[in-house]
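To keep things clear, I will list the structure first and then write my remarks on it.
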Amino acid sequence: MPSTQKIEEILDYIKECSPGQNEFYQASQEVLYSLLPLLNRESKYVENNILERIVVPERSIIFRVNWMDDAGKVQTNLGYRVQFSSSIGPYKGGLRFHPTVNLGIVKFLGFEQIFKNALTGLQIGGAKGGSNFDPKGKSDSEIMHFCQAFMSELYKHIGKNRDVPAGDIGVGAREIGYLFGQYKRLTGEFDGVLTGKGLDWGGSKGRKEATGYGSVYFAENFLKVYNQALKGKVCTVSGSGNVAIYTMEKLYGFDAIPVSCSDSKGTIYHAKGIDMESLKSIKEIHKESLKSYVTLHPDAIYTPVASYPEGGHAVWHIPCDIAFPSATQNELTLVDAKVLESNGCILINEGANMPTTADALEYIRKESKILFSPGKAANAGGVATSQLEMSQNASMAQWTFEEVDIKLRTIMNDIFKTAYETSVEFDCEGDLVKGANIAGFRKVADAMIEQGAI
Ligand code: NDP
């Protein structure tokens, strides 16, 4: 059967069995179609029903999380852990606490994680988890009570050789600490079951910076192929969380100029370059809205979400050489992509997971001249450094920041090389969507075939 027909059948199956899981459908569609050159060349993947198998998680766990708020009332949220694939190693992927979390979001993130983790060249399988709990506006003790209740169920399903969760949106060092404390209390084990831990109790130096720094290392690699460099480039960045902040920090390290950042309420444009000290103080220390940035820097412009262009986002309408979407999924639309093209943007480098909508991606790849780095390759530095944390935990070692950063840079160079060389191998030089998906898929699929019908 021609592979296109096979892919359509599988997508129909996903639609039927996962109704309303739009982001999961979007991610599956992108991955499956990009595999066509491989499927047409090698029949073993279709013959072994790999496509049917890989789109179904090995296990999806959904659980109730009851926790006590500060008023003494019991609150209820939903908890998820989707263990997608353990073909090449223990499940690995972050936990997201955000009101938009549902099974479809966790499945899309877990599915992407399979290929991302394979691309790192490390032995880690794919998973993702989280809750529709909203940490915003909660007290420290409410966050702790929620994390303890969440782990009271999750601990049954994870372990250092089984499934190793980490952070994501809404889950940073504080939440990992509370989750780890509860895991230890319940199991009596002090081990590397979570990554993103505190530096004094098993964490890795450089983990906090890894996704953002890695994203910039990836962009530098891509530009080099076209005889370009980051130096002097005007860069727009969305988000103002972990990934966005350390993307901007590393951009300054390459003498590029990050001129924007955003949060769920609005966008800052600061033409002379975002002031990192002010941004870190607002977001990391005081956890305030970005609006306060203009009080410190009156020459910056703040655009609230309510006045974003229809079908678009203010941040992508700022003229730039390179765009780094680093906030959340589907935050860069077709409208935005067209404006980026007309403003002369040469590269979109995804820091977030699937920040580009399907129609925008199609336009960028087929109708524009913009280079495109897919998130599953460009943001893999975070999970790669999580694996470095696991290695340090297993050997009871702690590497210096410089040692971790050198390893991260080598891994990002290798990920780029793998994705790029695979695009060349399949006659689509520079199409890193195909290159990354094919390279990641091939590794996992071969392992599935070698391990038999499990
Ligand atoms: P954070 O929670 O630290 O920051 C997220 C940022 O995005 C915040 O500025 C937040 O604004 C903004 N944001 C979140 N949701 C929305 C929304 N619906 N609309 C507009 N803005 C939004 O998360 P991270 O920086 O860790 O993660 C960002 C992205 O990178 C995610 O896609 C994540 O999956 C991906 N990623 C993260 C990795 C990591 O190591 N942390 C690794 C690989 C990928 P506000 O504060 O107002 O909510």
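The values are calculated or read from the model by the stated rules, or taken from the named source; none is laboratory data. Note that the coordinates shown come from a computational prediction; the quantities given were computed from them, not determined experimentally. Every residue, glycine as well, gets a Cβ built from its backbone with ideal geometry; the counts of neighbours run over all protein chains shown. Heads up: the accessible areas ignore ligands, DNA and RNA and are worked out on the full protein's heavy atoms, side chains in. Shrake-Rupley method; radii C 1.70, N 1.55, O 1.52, S 1.80 Å.
A few comments on the model shown:
- Carbon + sulfur, % of accessible area of the chain - ligands and nucleic acids excluded, 1.4 Å: 50 percent
- Between D275 and A306, the simple spin-label model (points 7 angstrom out along Cα→Cβ) gives 2.7 nm.
- Rounded to the nearest 10 Å², the accessible area of T422 at probe 1.4 Å: 10 Å²
- Kirkwood hydrodynamic radius of the chain, from inverse mean 1/r over distinct Cα pairs, in Å: 22.2 Å
- Gap separating the Cα centres of region 69-137 and region 260-309, nearest whole Å: 28 Å
- Modelled label positions at L186 and R174, each set 7 Å beyond Cα in the direction of Cβ, lie 2.2 nm from each other.
- Put simply, the amide H of I61, placed in the peptide plane, has neighbours under 5 Å in R81, V82, Q83, leaving out anything fewer than 5 places away on its chain.
- Once the chain from K231 to F401 is taken as fully extended at 0.36 nm per residue, the excess over their C-alpha distance is 58.8 nm.
- Region 3-191: antiparallel DSSP beta bridges as a percent of all, rounded to 5: 65 percent
- Radius of gyration and maximum dimension Dmax of region 43-91, Cα, Å: 18.2, 61
- The trypsin sites (Lys or Arg not before Pro) of region 75-141 that meet both conditions, a loop assignment by DSSP and at most 14 other Cβ atoms within 10 Å of the site Cβ, are K136.
- From phi via Karplus (6.51, -1.76, 1.60), per-residue ³J(HN,Hα) for region 235-241 in Hz, x at Gly/Pro: 10, 9, 10, 9, x, 8, x
- Computed over protein heavy atoms with a 1.4 Å probe, the accessible surface of the chain works out to 40 Å² per residue.
- Cross-linked pairs K128/K233; K92/K184; K376/K407; K116/K205; K92/K205: Cα-Cα separations exceed 24 Å for K128/K233.
- GluC sites (Glu not before Pro) within region 362-435: DSSP coil, no more than 11 neighbouring Cβ in 10 Å: E367
- Fraction of antiparallel bridges per DSSP, the chain only, in percent to nearest 5: 55 percent
- The simple Förster model, with R0 at 41 Å and r as the Cβ-Cβ distance, assigns A394 and R41 a FRET efficiency of 0.60.
- Computed from backbone phi, the HN-Hα couplings of region 445-454 come to 5, 4, 5, 4, 5, 5, 8, x, 7, 10 Hz, rounded to whole numbers (Karplus: 6.51 cos²θ - 1.76 cosθ + 1.60, θ = phi - 60°; Gly and Pro given as x).
- Low-density loop cleavage sites - GluC sites (Glu not before Pro) in region 220-316, where at most 15 other Cβ are within 10 Å (DSSP): E288, E310
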